[in-house]
1. Can you confirm whether residue 182 is modelled with pLDDT under 95, loosely packed, with under 15 Cβ neighbours inside 10 Å, outside the structural domain of residue 76 (by TED's automatic domain parsing) and of a type outside the set (Phe, Trp, Tyr)?
2. Looking at this structure, is residue 112 under 21 Å from residue 214 (Cβ atoms), surrounded by 14 or more Cβ atoms within 10 Å (Cβ to Cβ) and of a type outside the set (Phe, Trp, Tyr)?
3. Step by step: first the residues of segment 203-238, then only those that are aliphatic (A, V, I, L, M) and surrounded by fewer than 16 Cβ atoms within 10 Å (Cβ to Cβ), then the one that is farthest from the chain's Cα centre (by Cα). Which residue is that?
4. Tally the residues that are closer than 24 Å to residue 96 by Cβ and assigned to a loop (DSSP other than H, G, I, E, B), restricting the search to segment 197-250.
5. Pairs, please: C-beta under 7 Å, at least 6 apart or cross-chain, first residue on the phi > 0 side of the Ramachandran plot and in segment 122-144, second buried (at least 18 other Cβ atoms within 10 Å of the Cβ)?
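The values are calculated or read from the model by the stated rules, or taken from the named source; none is laboratory data. Nothing here was measured: the structure is a model prediction, and the numbers come from that model. As a convention, Cβ positions derive from the backbone with ideal geometry for all residues, glycine included, and neighbour counts pool all protein chains shown.
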Amino acid sequence: MKKQIGTLMLLSIFTLSGCGDKPATAAEEKVEASTNQVAKQSEKQNDAKLIEASDDKKVKLYALNEENNEIKSVVLDIDGKQKNFDWEIPNTGTKPQLFYTDLTNDNKEEAVVIIQTGRGTGLNNYDIHVINVEDLSEIKVQSYEDIVANEIKSKVVKNDDGTLTITATAQGKESKFDYDFDPAPNLNQDELAFGGVVVYTLENQKIKLNMPGSVGVSPVYVSDFNITYKFDNAKNEFIVDQIEMIPTKK
């Protein structure tokens, strides 16, 4: 009788042990797979190369995809929140500039990333990106091309004495000056050219743009256009506020 009782107890133990090791359900496997995927993505981003960070370390930029020593896409980290962007960072020797500051005057900071996209003789180009910290959406900044097309009119007149007379109108204000020589006498250029130098900076929580006007194929910069942006709440966009033109004396 004791032998039979011992056998029954042993069988009960094996039965209970088998119940504890039952196979995972499909729902449990799905949750586990999703958790593993998030963990792998987080691990991949954490392993990405840090490009630069803001002074307060609130904004960090990581290289996500790099080819031929140029970055093709990035991970932007804002105080622990991350989003991928297809921003390209060429190897110009200048690291991106990162800021965490209030540009929209709503007492909430935005993340700002300024990237040098071109560098060379007579060439200095930058892009600017402003990111809403709450939803990581990008806030549009009016492009220099749009400003030139809609806010600036210019005229270049070649004089018989080899000088130039340049007239520029910005926001209804006209400036006229003479330039001492014609750097491209064989070129029929009747207005200023833009785009060789496009430099964004931040100053007193304002976006600034320096965009000189030039003449000649190998650009000779004859005037500086200094632009200050303002935030338009209705458009949710940074648009031109003030344009100052300063002739470059030769």
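1. Working: modelled with pLDDT under 95: yes; loosely packed, with under 15 Cβ neighbours inside 10 Å: no; outside the structural domain of residue 76 (by TED's automatic domain parsing): yes; of a type outside the set (Phe, Trp, Tyr): yes.
No: the conditions fail for residue 182.
2. no
3. Per the stated criteria, the residue is 217.
4. Of the residues in that region, 5 qualify.
5. 122/196; 122/219; 136/78
Rundown of residues vs (1) assigned by TED's automatic domain parsing to the domain that holds residue 185; (2) at pLDDT below 95; (3) not charged (D, E, K, R), yes/no style:
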{"position": "202", "(1), (2), (3)": "yes, no, yes"}
{"position": "205", "(1), (2), (3)": "yes, no, yes"}
{"position": "208", "(1), (2), (3)": "yes, no, no"}
{"position": "214", "(1), (2), (3)": "yes, no, yes"}
{"position": "218", "(1), (2), (3)": "yes, yes, yes"}
{"position": "225", "(1), (2), (3)": "yes, no, yes"}
{"position": "237", "(1), (2), (3)": "yes, no, no"}
{"position": "242", "(1), (2), (3)": "yes, no, yes"}
